[in-house]
Structures are given as C-alpha cells and as structure tokens.
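Heads up: the structure comes next, in structure tokens.
The values are calculated or read from the model by the stated rules, or taken from the named source; none is laboratory data. A quick note: this is a predicted structure, and the numbers were derived from the prediction, not measured. Accessible surface areas use protein heavy atoms only, side chains included; no ligands, DNA or RNA. Shrake-Rupley method; radii C 1.70, N 1.55, O 1.52, S 1.80 Å.
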Amino acid sequence: MKKVLFIAVVAVASLASCKKDRTCTCTQTVNGVAGTPSVTVYNDAKKGEAKANCVNYTQTQTVGSTTYTAVTTCELK
C-alpha cells in the first residue's frame, strides 16, 4: 500500500506545472512585408507566465497621408 501511495504522489508531482525555459518567437509584418523573427527566452517560467507575455498584437500609425499597419504574430514553444 505504501508503494502505491508513493507512486501516486510522484505521478501527481510530475504532472504539476513546472518551470522551465520557454521560447517566444515573434514575426512582425508591416503592410504585408514580413520582417526578421525575434526570439525571447523566458527562463524558469511556467507556461501561463510565458503565454501572458508572448502575445499577438496590431499597431497602426499614420505618417502624412500614408497609414502603416504592423501585425506581430507570436508563437510560444
């Protein structure tokens, strides 16, 4: 019985959310032209913490009569 309980405790502990290095890769596209991807590494981070910082977003800026739209797409690995 003690062995079963020990194995169950170890199994639950291994399934718990662990901290590890997580990589966020973002690519910014301005008016349809993709730029060079940028990589950010979150050291010893839980998946939820890294996911909160690795987000997609869109920015729009008008200079004179030209409007630029920058779309940043990010992927967490």
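Things to note:
- For the range 38-77, carbon and sulfur atoms together expose 47% of the accessible surface, with a 1.4 angstrom probe and every protein chain in place.
- The residues of the range 14-77 have, on average, 73 Å² of accessible surface per residue, using a 1.4 Å probe with all protein chains present.
- Potential lengthening of the chain between A34 and Y68 amounts to 10.9 nm, from the contour at 0.36 nm per residue minus the alpha-carbon distance.
- Segment T23-D44, length gained on full extension (0.36 nm per residue, minus Cα span): 6.5 nm
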